[in-house]
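One structure is given here, and the rest of the page talks about it.
Nothing in this text is a laboratory measurement; each read-out follows from the coordinates by a stated rule. Remember, predicted model here, so these are calculated numbers, not experimental data. Cβ sites come from the backbone with ideal geometry, for glycine too, and all protein chains shown count toward neighbours.
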Amino acid sequence: MVDLSITVAGLKLATPLMLASGTVGYGPEYDGLIDFTRVGAIVTKTVTPRPRAGNTPPRLAETRGGMLNSIGLENVGLDGFLSEKLAEAGRLPTLVIASVAGETPDEFASLCEAVGERGETAGLELNVSCPNVKRARRPLWADPDGVAAVVTAARRATDKPLFLKLSPNAADVRSVAEAGEAAGADALVVANTLPGMRIDVTTRAPMLGNRFGGLSGPALLPVNLALVWKLSDSVGIPIVGSGGIERTEDALEYMMAGASAFQVGTALFRSPSVVDQIVDGLAKHAVTDGINCLSGYTGAAKEVETPCQRTRAD
């Protein structure tokens, strides 16, 4: 028997597969399409202090190797989330991690305090890396001091586990990760999307209303995989790999590079059945490899000692 559960930041996940923020709404939108008992945790659509209308449509564009999105954090706002969305998400048979985003450390703290005190919330993901939100000066995701201030404020506001979602676009993502860890983050999510665009050659206009969007999907996997490898050598907190996962082998690459768990996102738009395919594949791989729990894969490409070693003789 293979133990599919994974413990990340003190949370026991039924499987290492998490659903990425913004790809399943607030969760219940996919009820009946996904077997949530096979999902370790859902990460909700990002919540901001006030409702946001988001960016100008069109907001999605397909591209070879992935998808561009320019949603712009459209959401119901904190009050709407607490009164309408969170209770429904909490009834799903999986853990709920609420994604939050503010413009200042105090706003992050207020969000974490209000959402974190709810029993439905298992943890919080600090979205400091959305590429579709403008900032007057240096982007938050590129500013170690700014990220540290956000994490510090959030840590004071809640005792729930904090997942810090990083950007692959930071010139020195290692400094940002280390600053987040030092400030009190319990885990890193590596990583968000890369900026990109497409142009319709017939209309001679950008395909997105906001011109630019975030590139997700298979094209992003090699970029974020390299970041997981590098950051797992720099930090002592768990890493959740994210970006381009659509097959079991993709997930295993992230785990073998040092991730304890992983998030699936863009692949869900093609088929929600990808959840079953990946989880079934993990179990089959573990049996073939003689591994009795999936934590045995974490860091395996680095020959890291883990509590779950092979159970068969080579």
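Report the calculated FRET efficiency for ASP106 and ALA171 (r = Cβ-Cβ distance, R0 = 30 Å), to the nearest 0.05.
Details: r = 27 Å, r/R0 = 0.90.
E(calc), rounded to 0.05, equals 0.65.
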Which of these, VAL76, VAL240, VAL128, has the largest mean-square fluctuation under a Gaussian network model of the chain (Cα springs below 10 Å)?
VAL76
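Would you mind checking LYS165/LYS302; LYS165/LYS230; LYS45/LYS230 for any pair whose Cα atoms are more than 20 angstrom apart?
Details: LYS165/LYS302 24 Å; LYS165/LYS230 16 Å; LYS45/LYS230 28 Å.
Among LYS165/LYS302; LYS165/LYS230; LYS45/LYS230, the Cα-Cα distance tops 20 Å for LYS165/LYS302; LYS45/LYS230.
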Any aspartates and glutamates whose Cα falls less than 18 Å from that of LYS160, other than same-chain ones fewer than 8 residues away, would be ASP106, GLU107, GLU113, GLU117, GLU120, GLU125, GLU181, ASP186
Compute the distribution of all C-alpha to C-alpha distances in the chain, in bins of 20 Å from 0, and list the percent of pairs in each, rounded to whole numbers.
35, 59, 6, 0
Gaussian network model of the chain, Cα springs within a sub-10 Å range: biggest mean-square fluctuation belongs to which of PRO161, PRO195, PRO206?
PRO206
For every other residue with a beta carbon closer than 13 angstrom to the beta carbon of ALA182, add +1 if it is Lys or Arg and -1 if Asp or Glu, then tell me the sum.
-2
How much length would be gained if the chain were fully extended between MET1 and ALA283, taking 0.36 nm per residue of separation minus their Cα-Cα distance, in nm to one decimal?
100.6 nm
Aspartates and glutamates whose Cα lies under 19 Å from that of LYS284, excluding same-chain neighbours fewer than 8 positions away
ASP3, ASP35, GLU246, GLU249, ASP250, GLU253, ASP276, ASP314
Of the candidates SER175, SER273, SER216, which one comes out as most mobile in a Gaussian network treatment of the chain with C-alpha springs shorter than 10 Å?
SER273
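Evaluate E = 1/(1 + (r/R0)^6) for ASP159 and SER83, where r is the Cβ-Cβ distance and R0 equals 25 Å; express this FRET efficiency to the nearest 0.05.
0.60
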